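Novice: Just passing along the structure, written as structure tokens.
The values are calculated or read from the model by the stated rules, or taken from the named source; none is laboratory data. On a predicted model such as this, the values are computed, not experimentally measured, just so you know. Heads up, the Cβs are rebuilt from the backbone with ideal geometry, glycines too, and the neighbour counts pull from every protein chain shown.
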């Protein structure tokens, strides 16, 4: 709920409570000059002290709230930086995936061309040629293991 109230208003309210408590406490000393208020002198002094204590308590809560708001702002700034880094990393991953896909497609084309060149030798005798087994073995290899 405090996040909906502007910071300046919140601080003004807290300082106002402390100031009101101080004014009421000081007023309790002037009740000597007002005879109808003399019996309530101690009650007025207690009320002023309670308002001052509440104001100090609220001021501590206000300081804590402001420190949390600063932390939230710093974490939000870190999130923005992390999102930008994430977008850059995602772009790099997409590019790497495109390259790997292109390598696989090129490898398929090369294997298909090799099959076309050896196709006549395979069909001529109805016997599996050693070139055909070599092509199948090459097609089954992982191209990234060969590059390492």
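Novice: Looking only at residues that are surrounded by 13 or more Cβ atoms within 10 Å (Cβ to Cβ) and more than 29 Å from the chain's Cα centre (by Cα) in region 1-15, which one is farthest from residue 59 (Cα to Cα)?
Specialist: Filtering first and then ranking leaves 13.
Novice: Assess whether residue 128 counts as being modelled with pLDDT of 75 or more and surrounded by 10 or more Cβ atoms within 10 Å (Cβ to Cβ).
Specialist: no
Novice: Yes or no: residue 56 touching a helix residue (DSSP H, G or I) at 6+ places or on another chain (Cβ under 7 Å) and closer than 30 Å to residue 141 by Cβ?
Specialist: no
Novice: Given the criteria farther than 30 Å from residue 13 by Cα, at pLDDT 75 or above, more than 46 Å from the chain's Cα centre (by Cα) and surrounded by 10 or more Cβ atoms within 10 Å (Cβ to Cβ), does residue 44 qualify?
Specialist: So residue 44 does not fit the description; no.
Novice: Tally up the residues in region 1-12 that are in contact with a helix residue (DSSP H, G or I) (Cβ under 8 Å, 6 or more places away or on another chain) and modelled with pLDDT of 90 or more, please.
Specialist: 1
Novice: Give me a count of the residues in region 23-39 that are surrounded by fewer than 14 Cβ atoms within 10 Å (Cβ to Cβ) and either assigned to a helix (DSSP H, G or I) or in contact with a strand residue (DSSP E or B) (Cβ under 8 Å, 6 or more places away or on another chain) (or both).
Specialist: 10
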